[in-house]
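A.B. asks: Here it is, the structure in full.
The values are calculated or read from the model by the stated rules, or taken from the named source; none is laboratory data. Computed from a prediction, not measured in an experiment: that's the story for all the values here. Cβ coordinates were reconstructed from backbone atoms using ideal geometry, including for glycine residues, and neighbour counts include every protein chain displayed.
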Amino acid sequence: MILLIVKASMSNSNTRKEYINRINRVIDYIQQNLDKKLPLSELAGIAAFSPFHFHRIFRGIVGEGLSEYITRLRLQYAATRLKYQPAASITEIALDCGFASSAGFSRAFKQFYGLSPSQFRERVKNENRPQNQNSKIGKVKRKNRQINGKPGEAFSFLTHYNRFQKNIKPIKKRRNKPMKVEVRILPEYRVAYARVMDGFNDQSPKIMKAFEKVIKWVQARDLMGPQSLVLGISLDNPEVTPLDKCRYDACVTVPAGTRGEGEIGVYDIPQGKYAVYRVEGKYATIYQEMVKHWQRLMSEWFPDSGYQPDDRPCFEIYRETEEEMKAGKYVVDICEPVKPL
């Protein structure tokens with residue numbers, strides 16, 4: 001009897017891992033094709049489930065309906081572009097993010113963020129300036145103060161953004177030490193990953209467990225070597241995404257041809273030109289500091305660089321030695337994909 005129970009438990013565990021593997025394949029495909037139509041039948045085929053059952057399985061694993069998930073990702077991608085690509089028109093952004101028209105995009109955007117795309121752009125442009133209480137932004141800001149972010153309440157961009165910025169403590173500036181950013185061509189990386197669907201919700205415990213999981217998986221298959229790299233990929237911008245929806249991939253580079261299994265997926269990070277910014281600090285405050293490092297790269301380096309962010313994945317390469325890790329220190333290369341302005 002005990003043997004039968006153990007076998008049943010192992011079978012259930014393996015089944016769940018296979019389900020996660022299939023859903024992760026769909027998540028990867030959606031991430032790479034947000035500008036295209038994503039019909040249910042096509043996504044169900046990628047997961048090897050029937051269309052009839054797929055949307056229920058997706059909701060059960062991800063905790064969000066398929067169409068809701070796709071729309072949210074498109075809106076978050078659009079919000080990031082509105083903030084960091086001021087020269088792009090709202091119509092251009094809408095079409096690039098998979099919306100059929102700017103009118104449909106504007107309705108969906110306002111429903112999700114509580115602001116129209118133009119109001120959102122104005123808000124982030126003037127985020128460090130005092131708000132006129134009689135302006136549209138001031139009125140929207142006062143209105144959204146009523147939303148306190150408790151479970152069950154609608155997501156409010158202003159409440160979330162202000163709370164997010166308040167909780168991120170500034171990094172002490174080092175005198176006479178300007179940013180050292182190098183633009184490099186980085187090779188293609190094939191990575192094995194363990195995914196966390198709410199990586200920023202409790203500030204890192206799940207992310208650390210994901211790294212442990214993927215490293216053990218790689219080591220058990222003798223895929224870890226002197227040239228292996230440990231990478232972290234934030235699939236969502238926490239400035240414009242509810243923290244319990246921010247996805248994070250804990251990754252290790254693996255040889256070409258490696259295939260994932262169970263909860264461990266595999267994909268390629270494309271070769272290309274990246275702005276590489278090395279940062280150092282204490283692991284005890286890595287969550288807060290990494291956000292500020294990314295913000296500094298965007299606000300201080302990009303405006304005078306002649307480049308703009310590209311749409312390829314941005315990621316972090318962890319470079320610290322074993323001794324530095326024992327001392328609680330991180331050494332990270334922030335890698336932001338770039339293209340000419």
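A.B. asks: Can you tell me how many residues within region 250-264 are assigned to a strand (DSSP E or B) and at pLDDT below 95? Outline the logic, then answer.
C.D. replies: Initially, region 250-264 is screened for residues assigned to a strand (DSSP E or B), giving 250-253, 261, 264.
Still in the list and also at pLDDT below 95: 261.
Total meeting the criteria: 1.
A.B. asks: Name the single residue that is modelled with the highest pLDDT among those in region 50-100 being among the hydroxyl-bearing types (Ser, Thr, Tyr) and part of a loop (DSSP other than H, G, I, E, B).
C.D. replies: First pass over region 50-100, keeping only residues among the hydroxyl-bearing types (Ser, Thr, Tyr): 50, 67, 69, 71, 77, 80, 84, 89, 91.
Pick out the ones that are also part of a loop (DSSP other than H, G, I, E, B) and you get 50, 89.
On the way: Ser50: 88, Ser89: 94.
Applying the filter and picking the extreme gives Ser89.
A.B. asks: What's the total number of residues in region 265-285 that are more than 21 Å from Ile215 (Cβ to Cβ), part of a strand (DSSP E or B) and not basic (Lys, Arg)?
C.D. replies: Final tally of qualifying residues: 8.
A.B. asks: List every residue pair whose Cβ atoms lie under 7 Å apart, where the two residues are 6 or more positions apart in sequence or sit on different chains, the first residue falls within region 14-35 and is assigned by TED's automatic domain parsing to the domain that holds Ser101, and the second residue, located anywhere, is part of a helix (DSSP H, G or I).
C.D. replies: none
A.B. asks: Next up: Within region 287-307, is even one residue touching a Pro at 6+ places or on another chain (Cβ under 9 Å), under 26 Å from Ile185 (Cβ atoms) and in a strand (DSSP E or B)?
C.D. replies: Yes: one or more hits.
A.B. asks: Using the structure shown, decide if Ala103 is outside the structural domain of Ala194 (by TED's automatic domain parsing) and either in contact with a strand residue (DSSP E or B) (Cβ under 9 Å, 6 or more places away or on another chain) or under 18 Å from Thr241 (Cα atoms) (or both). Quick ask: steps written out before the conclusion?
C.D. replies: Values: outside the structural domain of Ala194 (by TED's automatic domain parsing): yes; either in contact with a strand residue (DSSP E or B) (Cβ under 9 Å, 6 or more places away or on another chain) or under 18 Å from Thr241 (Cα atoms) (or both): no.
For Ala103, the condition - outside the structural domain of Ala194 (by TED's automatic domain parsing) and either in contact with a strand residue (DSSP E or B) (Cβ under 9 Å, 6 or more places away or on another chain) or under 18 Å from Thr241 (Cα atoms) (or both) - is not met.
A.B. asks: Now a separate question. Working only within region 317-341, note down all residues that are in contact with a helix residue (DSSP H, G or I) (Cβ under 8 Å, 6 or more places away or on another chain), among the β-branched types (Val, Ile, Thr) and closer than 19 Å to Tyr248 by Cβ.
C.D. replies: Val332, Ile334
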